[in-house]
Structures are given as structure tokens and as C-alpha cells.
1. Looking only at residues that are buried (at least 20 other Cβ atoms within 10 Å of the Cβ) and β-branched (Val, Ile, Thr) in region 183-216, which one is farthest from the chain's Cα centre (by Cα)?
2. Going residue by residue through region 80-96, is there one that turns out to be without any contact (Cβ under 8 Å) to a residue 12 or more places away in the chain and of a type in the set (D, E, K, R)?
3. Taking PRO96 as the residue in question, decide whether it is at pLDDT below 85 and in the same structural domain as ASP134 (by TED's automatic domain parsing).
4. Pairs only if they're at least six apart or on different chains, beta carbon under 6 angstrom, first in region 125-140 and part of a helix (DSSP H, G or I), second basic (Lys, Arg); list them, first residue then second.
5. Consider ARG56 carefully, then state whether it is surrounded by 14 or more Cβ atoms within 10 Å (Cβ to Cβ) and either of a type in the set (Lys, Arg) or modelled with pLDDT of 85 or more (or both).
6. Starting from residues that are hydrophobic (A, V, I, L, M, F, W, C) and part of a helix (DSSP H, G or I), keep the ones in region 174-193 and report whichever is nearest to ASP260 (Cα to Cα).
7. What are the pairs, 6+ residues apart or on separate chains, where a residue within region 255-280 that is farther than 30 Å from PHE204 by Cβ has its Cβ under 8 Å from a residue that is hydroxyl-bearing (Ser, Thr, Tyr) and surrounded by 10 or more Cβ atoms within 10 Å (Cβ to Cβ)?
8. Return only the number of the condition from (1) of a type outside the set (Val, Ile, Thr); (2) modelled with pLDDT under 75; (3) within 34 Å of the chain's Cα centre (by Cα) that ALA51 does not satisfy.
Amino acid sequence: MADSVTSDPASIVPKLHNDDFVITHGFDPDGALLQKAVPSAQAAWMWKSYALADARARRSIETDENLPELVKETFLATGDQYQISYEDGWLFGELPDLQHEHYGDPRELGYFRFAFNDRLFISGRRHPLQSVDDVRQSISRGKIKPASPIALFNAIFRRFLELLKAEIAQLAETLDSIEDHIVGENWQGERERLVPVRRQIVVFHRYLTAATSLFRHIDHADRRALPEDLDDLIEGLSRRAATLHAEGEQLQQRARLLQDELLAKLTDQSNQFLYVLSVMTAVLLPTNVITGLFGMNTEGLPFSGNLHGFWVVAFIALVISAIVYLLVRRIGGSRN
């Protein structure tokens, strides 16, 4: 997953402007961060990251005259819906990302809102997101030097796919362990392990399906309007997402097959229990009938005056039960 963070990761990155609700970074033409003392006018392009949970961030976006109305609507929407569009030189939308491991559940997905043109990249989130923070730290350490907003978008979404691939690989290892136990007949308790794994696979697969469909849609619908470099980027990300989507689909099928096998084993175990109960019921039924008859407080009962009457009746009941048991075993054996 990501490198461990001991403090707010954003605090180690040089910023041209920093408020509680927005952090602004400037980059030179080579993709290197500009220092805080450098005027923002000298930046080749800018990255503004908004904390959308803050009302001031929403007000700042709403009053920004440089942003198209569709971009504002995307950032200010109250609900979350994965989407991606291209309009008037802006690529904008909302895509999935994993929540930050230090501020939430790293296996839960969040929502990453973005918009960019050739000079400005705007991002927004309600919760800290892992991919965005990982890219920010890599930029601060000089490992990544995005020369344009397109390069930054590419780095963020590729990082999301890498994190998701790592999570899927970990889920695959868990499925391998569950499968080994099932094949080895040590499957008791594996159903409790399989249920959350399958749920996580379904969640990841669902959002990969959405992301793949979005990239495929914009690649076909807006292909003529997209600049060449942006078209190549969308096509490359679409292929990567489709490959990971196929892996998730295979994993989902494996989890479904394992669940079916577990259900079959549980059904077989239940049938065995029912068979034992049926045999016991059939064996004890004659005994219950005989004891019921001899338990009646009436005159004329057989062996009522015999000193050994109890043992005679008990012997008859045992013999009849033994005969019934042998018949039931023979019937059960012939069916198998």
C-alpha cells in the first residue's frame, strides 16, 4: 500500500497558496514543484486541491469565473455519481479512489472529483484519498514530475489501479487459502471467511465496471473532440482498467464457485444428520409403540402376571428394533 505517514502528508509539499479548504501547487514546464517564494504567475500550470466538506471550498468554486458551469455543477453536486465528460477543452468528472489508510478504511472506496485543461488541474474530495496522497508525496520527493495536468491525471488514476490490483491480489491469496481448506476437507469455518472476501470482490468489480464503462464511453463518444494526447491517455487507461476488470471478474467467479462448493458440503452434512435422525426415529418407533401399549393401565395385558414379563417385552422390543435397523440400513445402502 502507501508509505506510512506520520503527519499530514500535504504539509511536506511546497505550496504557492494554502488555506484550510484549498491547497495550491505550482509546476514549472519540466513538472518540478515551484517553491513557495516563487510567484504563482511563473508557474507553467497549477494544481488546486479542494476539501469539499468545507463550505468555503464550495463557495470558492461557485464564485470562480474561470470555471465552466458544467465543471462547477460536477464539484458542487450533493450526490456522488461516477462520470467523465469533455467540454470546451476541460476533461472533468468523478472517479473512484480508495480511502486513505490513516483516515479511513483502505478497502472502502471514495469519490475523486477532478477537472483540468492545459493550464489548471482542480481536484476535490470529501475524505482523504489514498491515490491522490500517494501521488502528492511522490511529487514532493521528486519521484514524479508531471509536466502537465494530463500527466497528473494519468499518475493519479494509474496509482488507483495499482492499489486496486494489490487489493485484488491479496483477496486472491485469501481465496487460495480457503480453497486449500475446502479441498482438504477442513472446511468448517471457511464460510465465515469467504463471505467478506466475496463482498469485497463484488464491490471492487462493480466500481471497475463503472470506470471501464466511463472510459470506453468517452473514448467513443468524444473521440473526435479530444486532443490527440488526451485521446491516447483515455485509451491507455481504458485498456488498463479493462484488464483489471477481467481479473476481478475471474476472481468473482472463483469466489462464487467456492461458495457453491461450500453450500454443497453443508447440504451433504445436513443430509447426513437427517439420515441419522431418520434411522434413530425408525429404530425407536417400535419400542415406543410397545412401551405405549404396555403402559396402558387396563386389565388383560400380556405378561402382566409373569415375573419375567418386563424382560420378555424388552427383548421383543430390542429384536424388533434390530430388524428395523437392518432394513433401514439395507434400504439406505441400496440407494447409495
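The values are calculated or read from the model by the stated rules, or taken from the named source; none is laboratory data. All values derive from a computational prediction rather than experimental measurement. Cβ atoms come from the backbone with ideal geometry, glycine included; neighbour counts cover every protein chain shown.
1. Looking at residues that are buried (at least 20 other Cβ atoms within 10 Å of the Cβ) and β-branched (Val, Ile, Thr), I get THR212.
2. no
3. On the way: at pLDDT below 85: yes; in the same structural domain as ASP134 (by TED's automatic domain parsing): yes.
Yes.
4. Correct list of pairs: SER131/ARG159; ASP134/ARG159; VAL135/ARG159.
5. On the way: surrounded by 14 or more Cβ atoms within 10 Å (Cβ to Cβ): no; either of a type in the set (Lys, Arg) or modelled with pLDDT of 85 or more (or both): yes.
So ARG56 does not fit the description; no.
6. ILE182
7. VAL279/TYR325
8. Among (1) of a type outside the set (Val, Ile, Thr); (2) modelled with pLDDT under 75; (3) within 34 Å of the chain's Cα centre (by Cα), ALA51 violates only (2).
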